[in-house]
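**Q** Below is the structure I would like to discuss, written out as structure tokens.
The values are calculated or read from the model by the stated rules, or taken from the named source; none is laboratory data. As the structure is a prediction and not an experimental result, all values here were calculated from the model. Positions of Cβ are generated from backbone atoms using ideal geometry, with glycine treated the same way; all protein chains shown enter the neighbour counts. Note: accessible area is taken over every heavy atom of the protein model, side chains too, but ligands, DNA and RNA are not part of it. Shrake-Rupley method; radii C 1.70, N 1.55, O 1.52, S 1.80 Å.
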Amino acid sequence: MGRIFPIKRAVEHEPGQSKLVGLTDETADEVFATLSSATARTILEALYEEPHTPADLREVTGTTLQNVHYHLTNMENAGLIEVVDTWYSEKGSAMNVYAPCARAVLVMASSRDDRSIFRDLLARVLAVVVFMGVATLTLARVLDELARPEPITEMASLAGDAASQPASQPATQPLLSPELAFLGGGLLAVAVFAVLVVLYLRPWSRPR
């Protein structure tokens, strides 16, 4: 009879939206206290690489299993990680598998409302992505129009021959390939985005 254990199936986990932690948020103290330990930060970094069990994290950190469970409990209470699956050891013991709750943990400090700034930046990035797509399509169409050959008809008149033979100019290659057109549109969008960032951050860089 074959062995049933250990059981370690593939974990399918999609983290939620990025977690934004403002300095004055209610959860700020708990998050900062949890991550004040180097061991906790090592554990969280390992979990962002791939889901792990406490036994795996013990090998990663080189600490005791009890200490790993302590930090996992703190991070779970702070909303940083969650149990995403259950594996079974060779002896059949159930082991929780942990993974991050959010795609990223962001800390923001500002004199204005943190979340409104974050949304503003996201809106600007989205606008740049849309602009990049429009700019790329526009540039590709303009280059295609410029590279399109115009038919040229030559009248070949010979003595005693009333017939005319049209001769078309051979098709020319496009000025730029689609890949280069996309690159050009992308560079243009990045340049515009850089200007917007400079203009946006300038008021904040002035001494107050």
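**Q** For the range 61-79: of the residues being open to solvent by 20 Å² or more (accessible area, probe 1.4 Å) and within 26 Å of the chain's Cα centre (by Cα), which is nearest to Ala102 (Cα to Cα)?
**A** Gly79
**Q** Which condition does Asp56 not pass, out of (1) touching a residue at least 12 places away in the same chain (Cβ under 8 Å); (2) part of a helix (DSSP H, G or I); (3) open to solvent by less than 50 Å² (accessible area, probe 1.4 Å), if it passes all the others?
**A** Every condition holds for Asp56 apart from (1).
**Q** Hey, does the range 37-48 have a residue that's farther than 17 Å from Ala99 by Cβ and either hydrophobic (A, V, I, L, M, F, W, C) or part of a helix (DSSP H, G or I) (or both)?
**A** Yes, because at least one residue in the range 37-48 is farther than 17 Å from Ala99 by Cβ and either hydrophobic (A, V, I, L, M, F, W, C) or part of a helix (DSSP H, G or I) (or both).
**Q** For the range 90-147, give me the residue count where each residue is under 24 Å from Tyr48 (Cα atoms) and either surrounded by 14 or more Cβ atoms within 10 Å (Cβ to Cβ) or modelled with pLDDT of 70 or more (or both).
**A** 17
**Q** For Leu20, work out the one condition from (1) touching a Phe, Trp or Tyr at 6+ places or on another chain (Cβ under 7 Å); (2) over 30 Å from Ala109 (Cα atoms); (3) among the aliphatic types (A, V, I, L, M) it doesn't fulfil.
**A** Failed condition: (2).
**Q** Scan the range 1-23 for residues that are open to solvent by 60 Å² or more (accessible area, probe 1.4 Å), β-branched (Val, Ile, Thr) and at pLDDT 85 or above and jot them down.
**A** none
**Q** Taking the condition touching a helix residue (DSSP H, G or I) at 6+ places or on another chain (Cβ under 6 Å) and either on the phi > 0 side of the Ramachandran plot or not in a strand (DSSP E or B) (or both), does Thr73 pass?
**A** Judged against the criteria, Thr73 is not a match.
For (1) within 27 Å of Arg9 (Cβ to Cβ); (2) at pLDDT 95 or above, each residue gets a yes or a no:
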{"position": "Asp29", "(1), (2)": "no, no"}
{"position": "Thr42", "(1), (2)": "yes, yes"}
{"position": "Asn74", "(1), (2)": "no, yes"}
{"position": "Tyr88", "(1), (2)": "yes, no"}
